[in-house]
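Notes to accompany the following structure.
Computed from the coordinates by the stated procedures, all read-outs in this text should not be read as laboratory data. Small disclaimer: the values here were computed from a predicted structure and weren't measured. Glycine gets a Cβ as well: all are built from the backbone with ideal geometry, and neighbour counts include every protein chain shown.
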């Protein structure tokens, strides 16, 4: 469970690959480190004497002035892995503040990047200011990633932590966006979505800037071909980015002028995916388009309909259920434009007809859309 020469080599030569390896859930299945963590946790949860001896062993290393820093990293790794057990037992919980103050806070100032990263990892539920500094000021990417995840956990679990970070939320978000672009780590897209929801009011003024940044990162990520190494990880990251943009849309839905600015950015991303027929992102793309048409359908969004129709014609029925909420908005939100342009009406009718006559297992979505369309037409 200690930092190794292999870790050091990868950290120095390719920190982004180091991050990918450490956060890859599939890597956990073959990682001896994960196996050691599981064994340690199980032994300490089942046998009190094992926990006592383990903590004694860790404290001995941490209190040794000349101990190898890598052994201290391993000791902190062990303690962090046992946090769930330690916090449930009064004898250890009462000593936790002392342990943090004397053995975890100091590594935040260590010259060794892996020790600073380990400090962030241990402090997921205990500290805030030092974690924020590591996110915004540290020069080494693995440290920033650990700090980003730690910060989100702290904010989600401690109301005072949320209040403390609020004045810094804009630079914190900028740091998140920078790290996502540099590392293309899909764990961080989940983190930033949660942060957006926690600080929706503070995020609103920078929503356009954030969406522009996310759109650029998305275009960067999808440049990877499907057969290239790491393409699955990049696909997960790209999906996370699209979901993050959708989260931003929901946050600013009451701010019409901001939503209008986001629309243009989203349409560029949507156009890229649909024109290149990147099928794995269709669900997220149609969700974005649906979000942009819930209150009104702009001329630009109407121009998207022919492209949606073209995609339907080429890619078949598989994605029709994903398009249904968007088509429903075209019919119900701006019926006047739909009726004034028979071309649009014919497209929607043609899609419904093709699905129905194709006898595919989508009959739940189609009759509903047909019914809504018919109702709107007969009301006019």
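For helix 256-275, report the angle its Cα long axis makes with the longest principal axis of the Cα atoms of the chain; keep it between 0 and 90° and round to the nearest 10°. Relative to the chain, helix 256-275 is tipped by roughly 90 degrees. Neighbour counts of other Cβ atoms within 10 Å put 64, 111 in the fewest-to-most order 111, 64.
Length available on full extension from residue 253 to residue 6: 0.36 nm per residue minus the Cα-Cα distance, which gives 84.1 nm. Mean sequence separation of contacting Cα pairs (under 8 Å, at least six apart), scaled by the length of the range 149-302, corresponds to a relative contact order of 21 percent. Dividing the summed helix terms, -39500 (n - 2.57) for each DSSP H run of n ≥ 4, by the number of residues in the chain produces a 222 nm estimate of -23000 deg cm²/dmol to the nearest 500.
A viscosity of 0.692 mPa s and a temperature of 37 °C, combined with the Kirkwood radius over C-alpha pairs in the Stokes-Einstein formula, give the range 21-80 a diffusion coefficient of 260 µm²/s. Extension gain, residue 91-residue 219: 0.36 nm per intervening residue step, less the Cα-Cα distance, totals 40.9 nm.
Neighbour counting of Cβ atoms within 10 Å sorts the residues 244, 270, fewest neighbours leading, into 270, 244.
The modelled label-to-label distance between residue 174 and residue 100, using points 7 Å beyond Cα along the C-beta direction, is 2.9 nm. Taking other C-beta atoms within 10 Å as the exposure proxy, 78, 96 rank 96, 78 from fewest upward. The distance linking the range 241-308 with the range 4-24 is 36 Å (Cα centroid to Cα centroid, whole angstrom). Relative to the current alpha-carbon distance between residue 63 and residue 112, full extension at 0.36 nm per residue lengthens the span by 15.8 nm. What percent does the relative contact order of the range 231-341 come to when contacts are Cα pairs within less than 8 Å and at least six residues apart? Relative contact order, the range 231-341: 26 percent.
Rg of the Cα atoms in the range 1-153, relative to 2.2 N^0.38 Å, amounts to 1.01.
Mean separation of Cα pairs under 8 Å and 6 or more residues apart, divided by the residue count, gives the chain a relative contact order of 9 percent.
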